[in-house]
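See structure below.
Just so it is clear, none of the values below were taken in a lab; they were calculated from the coordinates. Note that this is a predicted model, so its numbers are computed, not measured. Methodologically, a virtual Cβ is constructed for each residue, glycine included, from the backbone with ideal geometry; neighbour enumeration extends over all protein chains shown.
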Amino acid sequence: MANGDITKVQEYDKIEVVDTWYIQVRKVIKIMEEQADGSLTELSRNFNRHAISPFFSLKADDGSWTHTARDISGEAASVQAVANAVWTDDVKAAYKTMREAQG
């Protein structure tokens with residue numbers, strides 16, 4: 001970078017587990033400008049948030065349920081690591097039970 005150059009920096013600054021199985025993700029996007037002394041000055045900051053669960057759960061008209069595993073391959077490696085650690089078989093079973101109880 002040279003003096004006055006602008007760069008975009010993206011970081012996952014919060015990955016939180018809520019209610020045992022929901023994972024909330026916050027990504028910060030910063031626009032930075034390099035100064036004459038080589039330091040960076042933050043010009044702006046925005047946040048993107050989303051939450052993921054272990055399954056997409058759908059109830060059919062006949063009352064049966066389909067639980068399709070969430071594809072997390074598009075998530076950041078840090079988010080995947082948390083999901084893989086948190087979503088144990090017991091947690092996945094509890095999530096399915098909770099969704100079916102919501103009817």
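Under the combined filter of DSSP loop state and at most 15 neighbouring Cβ atoms within 10 Å, the chain retains none of its chymotrypsin sites (Phe, Trp or Tyr not before Pro). Along the stretch 53-68 the Karplus relation, 6.51 cos²θ - 1.76 cosθ + 1.60 evaluated at θ = phi - 60°, assigns HN-Hα couplings of 10, x, 9, 8, 10, 10, 9, 7, 4, 7, x, 7, 10, 10, 10, 9 Hz to successive residues, with x for each Gly and Pro. Between residue 55 and 70, the built amide H atoms are under 5 Å apart, and every one of these is 5 or more places off in sequence or on another chain. Ellipsoid fit via the Cα gyration tensor, the chain: semi-axes of 41, 13, 10 Å, each the root of five times an eigenvalue, largest first. Subtracting the Cα-Cα distance of residue 42 and residue 65 from their residue separation scaled by 0.36 nm leaves 3.5 nm. Pairs of lysine residues in the chain that meet both criteria, 8 or more places apart or on different chains and Cα atoms under 26 Å apart, total 9. Derived scalar couplings between HN and Hα for the stretch 27-41 equal 10, 9, 10, 10, 9, 10, 10, 7, 9, 4, 7, x, 6, 10, 10 Hz in order, rounded to whole Hz, by the Karplus curve 6.51 cos²θ - 1.76 cosθ + 1.60 (θ = phi - 60°), x for Gly and Pro. In the chain, the calculated helix contribution to ellipticity at 222 nm averages -7000 deg cm²/dmol per residue, counting -39,500 (n - 2.57) for every DSSP H run with n ≥ 4. Rounded to the nearest 10 degrees, the angle from helix 77-86 to the longest Cα principal axis of the chain is 30 degrees.
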